[in-house]
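Peer 1: If you scroll down you'll find the structure; I have some questions about it.
The values are calculated or read from the model by the stated rules, or taken from the named source; none is laboratory data. What you are looking at is a predicted structure, and each value in this text was computed from that prediction instead of being measured. Here the Cβ is made from the backbone with ideal geometry for all residues, glycine too, and neighbour counts use every protein chain on show.
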Amino acid sequence: MSIPILEICDLHAAYGRIEVLRGVDLKVPKGAVMALLGPNGAGKSTLVKVVSGQKKATSGDIHLGGVHVQNAGSEELARLGLCTVPEGRSVFPNLTVEENLTLMSYAGVPTDAVLETAYSYFPRLAERRNQLAGTMSGGEQQMLAMSRALSSDPALLLLDELSMGLAPLIVDELYDTVAQIAESGVSILCIEQFARTALRVADYAAVMTGGRIVATGEPAEVLETMSDVILGGAA
């Protein structure tokens, strides 16, 4: 069996005396799309912060591509291929679409390659290339945030609440693109409160509640057995 792109073992994290992650165990296989589901307050966002280097764990282990990265900084994680699209669409609102994308070239990626990746996955961004990012719809801003992440050629893409605040048709469109990205060989972990759209493109799913992973398996199996826990199951 190949080494998982991400392996989390007995991970704990807290805010002050309040323990939020209570022994999380999770494996994301290379080349797979995994949906991490669960209600508000389950600990999903804290897990993203710990995995992406924004918050320190109190104990446990994280391996990225077989490399131990417990409490590694964001820059080291980026060098190892981890890229996060955070909740809330991180774009520069007063720059155009093309200027937002061109900024990524400062990380050493040729501008032409950045633009080609963005416009091939999201043709709508090519139509909006001279528009200020802040004047676009939420869905288009999410496309831009994803494009900026993809320009770094990630091994593992962490998508935090991709669907937040977006219309169902736009969410479907974004997840269709997630499936295309996965076909190119990028491993993807989708953190979602709303289940059905993410499960449609996922190879595997895990359910988190009370700071622990309580179920893992294939999407249909997880949805059937854990629908009472997945509060967004009707989405």
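Peer 1: Residues to consider are ALA179, ALA215, ALA198, ALA206; find the one that is among the aliphatic types (A, V, I, L, M), part of a helix (DSSP H, G or I) and in contact with a Ser or Thr (Cβ under 9 Å, 6 or more places away or on another chain).
Peer 2: ALA198
Peer 1: Pairs please, first residue from the range 29-48 and at positive phi and in the same structural domain as LEU6 (by TED's automatic domain parsing), second anywhere and part of a helix (DSSP H, G or I) and of a type outside the set (A, V, I, L, M), Cβ atoms under 8 Å, 6+ apart in sequence or on different chains.
Peer 2: From residues that are at positive phi and in the same structural domain as LEU6 (by TED's automatic domain parsing), the pairs are GLY38/LYS44.
Peer 1: Residue by residue through the range 20-72, note down the ones that are among the β-branched types (Val, Ile, Thr) and either within 21 Å of ILE188 (Cβ to Cβ) or crowded, with 16+ Cβ neighbours inside 10 Å (or both).
Peer 2: VAL20, VAL24, VAL28, VAL33, THR46, VAL48, VAL50, VAL51, ILE62, VAL67, VAL69
Peer 1: Considering the range 217-228 alone, what residues qualify as being surrounded by 17 or more Cβ atoms within 10 Å (Cβ to Cβ) and either more than 26 Å from GLY165 (Cβ to Cβ) or of a type in the set (A, V, I, L, M) (or both)?
Peer 2: Listed by number, the residues that qualify are VAL222, LEU223, MET226.
Peer 1: Next question, about the same structure. Of everything in the range 76-106 that's hydrophobic (A, V, I, L, M, F, W, C) and part of a loop (DSSP other than H, G, I, E, B), which residue is nearest to VAL28 (Cα to Cα)?
Peer 2: The qualifying residue nearest to VAL28 (Cα to Cα) is LEU80.
Peer 1: Looking at the range 140-165, which of its residues are surrounded by fewer than 20 Cβ atoms within 10 Å (Cβ to Cβ) and farther than 15 Å from THR84 by Cα?
Peer 2: MET164, GLY165 - these are the residues of the range 140-165 that are surrounded by fewer than 20 Cβ atoms within 10 Å (Cβ to Cβ) and farther than 15 Å from THR84 by Cα.
Peer 1: Regarding SER74, is this residue in the same structural domain as SER184 (by TED's automatic domain parsing), in contact (Cβ under 8 Å) with a residue 24 or more places away in the chain and under 30 Å from ILE8 (Cβ atoms)?
Peer 2: Taking the combined requirement at face value, the residue does not satisfy it.
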